[in-house]
Ligand code: SF4
Ligand code: SF4
Ligand code: SF4
Ligand code: SF4
């Protein structure tokens, strides 16, 4: 089997640049440390060989970048997509957000990324992170070299990976995987079991940490409005400062409704939150409810699918059956 | 210099809190955070807090005044509360330096009286770093993490906390705590400084230089072609500006409560598309221009207006929090020329 590594990706991208299939590559650029790679556009084989990297921290979902990048030229842009990215890719195509003809998509397999926050919580001063099979070697400033099992350092979204299968690509490198059942609704179920007051307290505790930096929204491939209402001074709801601690919750609840049926559960929102707010749990609750009220639906599984939330049928569940109100804040 | 044994920290904190509200870094599930001290609160071991200490003097939102409208009459209500004395324990050298950078903005004429009020009532007990992280580069801006500035400078040396008062405010507070503390010669502190300095010199970013930036370099960097590549992946989210101890931009808005108007101020970010939007639009039309503004401000504009002082303190927060891992170090290395190759 072909091994998928930095050299293999550079080789394939270089061939496609040289034979004229595409004229640029969306990839990752090395940073100061092993973990601070930045999305970048590469225009030549030389640029690729100099700065292109591929590894445990190349988690950023590139689908959303295609909206702007495809508008920048007539040629095709090569993009590398992990299985989870391909769902966002399809969803954006369903919403006609970029020109498919201007993209050459290469599916690449994924064993899960590494979570730098988890690594930093066990090591003081991270100098390098190297992984070798199931083991990760962390070189630190003060704790020597720490060895840890890879499975303990995966970000939550990879622990609960929904699929190793690519649902869209022009070509696939390596082997495709399967749709998985990795318990991604377990935590949602825990929250459902709480009493309304416990649940209110849980979310208030989480959301009160929000600093409204908007990273979650700006990284989200389902949030692609040209002008978000929350940024528009004329909208009347522009909300640079929350009037009270509940207003930030409203922002998140409204956003969760807005992406309901379109969120593919890529996990970017929770990855980027500087306050470590588990935003994916809100979205997963919507996905879980959609599955149980209208039948299994996975956004982005196919291009052009209609989410149950935008269809109406007479058998649709009544609000009173869907939710039960209770507790002090009902 | 005074000292107190580590196992008596709680009684020290409780003695301070008797007269003044005391804040200190404690661990939360989202990292260390300044919180109000309560009996038994445990000081965090973390190197620094996730949010910076600027919040104490320049809070994310604040009510400036209220208006009550009654027919044709508008009543202006001063909502300001006179601040009481408070103490912040555990501020690191980088964050202490950020106060000087903010002071030059908010205390310059016309003085921001809201900021001044809080600044005058705050006593800073700084804490020297002993284990700087790979993302720290305070040294680039001449900040010595092993001996911070502050009203009372503290060092945690093995089994004791050593405290040295540097200002009138600091002396007043420390002398109040005399019965709890004992005199020390400061040898342990000197020893610790030496070890920390060796560690600082070995940090991966220890050789990062700001020499090619500074006052008067606007023309040299403004039109640099590198901004395009540096800014291309930026999401414009503003996280870097919100976690930064020296970012100081704000917006003032009116909020209609239905019964009147609340005029508030809140943090704003040069990274946002609606920043300083006027009738003619936002002066910086593209993300490249907004991105460039943030770094030019830190490295060129601020020094130009403030006798060469940079407005980055090298705390490294933007290094660890940017969703796409773009930050001031990468900007300095890309644009900084030979010194940073
Ligand atoms: S990324 Fe986190 S802190 Fe920022 S707006 Fe979203 S939830 Fe709030
Ligand atoms: S620019 Fe970055 S490193 Fe510099 S003070 Fe601000 S957050 Fe810290
Ligand atoms: S930047 Fe310097 S002062 Fe700030 S935490 Fe790091 S070592 Fe300490
Ligand atoms: S530099 Fe990073 S943190 Fe700052 S606005 Fe851009 S993407 Fe957000």
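Where a number appears in this text, it was derived from the coordinates with a stated rule and is not lab data. Just so we're clear, the structure is a prediction, and the values are computed from it rather than from any experiment. Cβ sites come from the backbone with ideal geometry, for glycine too, and all protein chains shown count toward neighbours.
Over segment A:186-329, what relative contact order in percent results from Cα pairs under 8 Å that are six or more residues apart?
28 percent
Between residue B:304 and residue B:39, what is the spin-label point distance in nm, taking each point 7 Å from the Cα along the Cα→C-beta axis?
According to this spin-label approximation, the distance is 5.7 nm.
For the protein assembly as shown, place one equal point scatterer on every Cα, skip the solvent, and apply the Debye formula. What is log10 of I(q)/I(0) at q = 0.05, 0.09, 0.12 Å⁻¹?
Cα-only, vacuum Debye calculation for the protein assembly as shown: -0.26, -0.86, -1.49.
Multiply the residue separation of residue A:250 and residue A:128 by 0.36 nm, subtract the distance between their alpha-carbon atoms, and state the gained length in nm to one decimal. Don't skip to the end; give the middle numbers.
Details: separation 122, 0.36 × 122 = 43.92 nm, distance 4.01 nm.
Taking residue A:250 through residue A:128 to full extension adds about 39.9 nm, to one decimal.
Of the residues A:201, A:260, A:307, which exhibits the maximal mean-square fluctuation in a Gaussian network model of chain A defined by a 10 Å Cα contact cut-off?
Between A:201, A:260, A:307, it is A:201 that shows the largest mean-square fluctuation.
Quote the FRET efficiency, to the nearest 0.05, computed for residue B:222 versus residue B:276 with a Förster distance R0 of 22 Å and r equal to the Cβ-Cβ distance.
Taking R0 as 22 Å, the efficiency between residue B:222 and residue B:276 is 0.75.
Taking Cα pairs under 8 Å and at least six residues apart, what relative contact order does chain B come out at, in percent?
About 20 percent, as a whole number.
Calculate, in nm to one decimal, what residue A:200 and residue A:71 gain on full extension: separation in residues at 0.36 nm each, minus their alpha carbon distance.
42.1 nm
Per Stokes-Einstein, at 20 °C and 1.002 mPa s, what whole-number D in µm² s⁻¹ belongs to segment B:42-184, with the Kirkwood radius over Cα pairs as the hydrodynamic radius? The partial results should precede the final answer.
Numbers: Rh = 17.4 Å.
Rounded, D is 123 µm²/s.
Normalise the Debye intensity by I(0) for chain B, one equal point scatterer per Cα, no solvent, then take log10 at q = 0.07, 0.08, 0.13, 0.15 Å⁻¹ and round to two decimals.
Normalising to I(0) and taking log10 leaves -0.33, -0.43, -1.07, -1.33.
Pick out which of A:226, A:46, A:139 has the largest mean-square fluctuation in a Gaussian network model of chain A, springs linking Cα atoms closer than 10 Å.
A:226
Quick one: check the C-alpha center-to-center distance for segment B:92-162 versus segment B:13-59, whole angstrom.
First find each Cα centre; the distance between them is then 14 Å.
Assuming R0 = 56 Å, what is the FRET efficiency of residue B:176 and residue A:315, from their Cβ-Cβ distance, to the nearest 0.05?
Working from the Cβ atoms, E equals 0.15.
Considering only DSSP beta bridges where both residues belong to segment A:1-130, give the percentage that are antiparallel (nearest 5). Before the final figure, lay out each step's value.
Values: 7 of 15 bridges.
Of those bridges, close to 45 percent are antiparallel.
Averaged over A:210-220, how many beta carbons belonging to a partner chain fall within 10 Å of each residue's beta carbon?
Shielding by partners across A:210-220 averages 6.
Considering all projection directions equally, how large on average is the shadow of the alpha-carbon convex hull of segment B:1-72, in square nanometres?
For segment B:1-72, averaging the hull's shadow over all directions gives 8.6 nm².
Enter the mean number of other protein chain beta carbons within 10 Å of the beta carbon of each residue in B:58-68, as an integer.
The per-residue average across the peptide is 1.
Using a Gaussian network model on chain A with a 10 Å cutoff between Cα atoms, which of A:240, A:29, A:102 fluctuates the most?
A:240
For the pair residue B:197/residue A:293, report the inter-label distance in nm, with labels modelled 7 Å from Cα in the Cβ direction.
6.6 nm
Sort A:230, B:310 so the one with the fewest other Cβ atoms within 10 Å of its own Cβ comes first.
So the ranking, lowest neighbour count to highest, is A:230, B:310.
For chain B, what is the calculated [θ] at 222 nm in deg cm²/dmol (nearest 500), taking -39500 (n - 2.57) for each run of four or more DSSP H residues and dividing by its residue count?
It lands at -8000 deg cm²/dmol.
Whole Å is fine, so just give me how far the alpha carbon centre of segment A:96-174 lies from that of segment B:248-278.
39 Å
Roughly how many Å is it from the Cα centre of segment A:41-81 to that of segment A:301-325, as a whole number?
Spelled out, the Cα-based centre of one part sits 36 Å from the other.
Please report B:276, A:264, B:157 as a ranked list, fewest other C-beta atoms within 10 angstrom at the top and most at the bottom.
Lowest to highest Cβ neighbour count: B:276, B:157, A:264.
Give me the percent of DSSP beta bridges within the protein assembly as shown that run antiparallel, rounded to the nearest 5.
Percent antiparallel among DSSP bridges in the protein assembly as shown is about 75.
How large is the Rg to Rh ratio of chain A when both quantities use alpha carbon positions and Rh follows Kirkwood?
Rg/Rh for chain A comes to 0.97.
Which whole-number percentage describes the relative contact order of segment B:19-82, with Cα contacts under 8 Å and a sequence gap of 6 or more?
21 percent
Over its Cα atoms, what ratio of radius of gyration to 2.2 N^0.38 Å does segment A:186-329 give?
On the way: Rg = 15.8 Å, N = 144, 2.2 N^0.38 = 14.5 Å.
Compared with the compact-globule rule of thumb, segment A:186-329 sits at 1.09.
What does the structure give for B:325-333 when I average, per residue, the other chain Cβ atoms found within 10 Å of the residue Cβ?
4
Among A:96, A:276, which comes first, second and so on when ranked by fewest other beta-carbon atoms within 10 Å?
A:96, A:276
What's the angle, to the nearest 10 degrees (0 to 90), between helix A:196-207's Cα axis and the longest principal axis of chain A?
Its long axis makes an angle of about 40 degrees.
Report the far tail of the P(r) of segment A:115-238, meaning the percent of Cα-Cα pairs longer than 16 Å.
The proportion of pairs with Cα distances above 16 Å equals 79 percent.
At residue B:185 and residue B:84, where each label point lies 7 Å from the Cα along Cα→Cβ, what is the point-to-point distance in nanometres?
Going from the residue B:185 label point to the residue B:84 one covers 4.2 nm.
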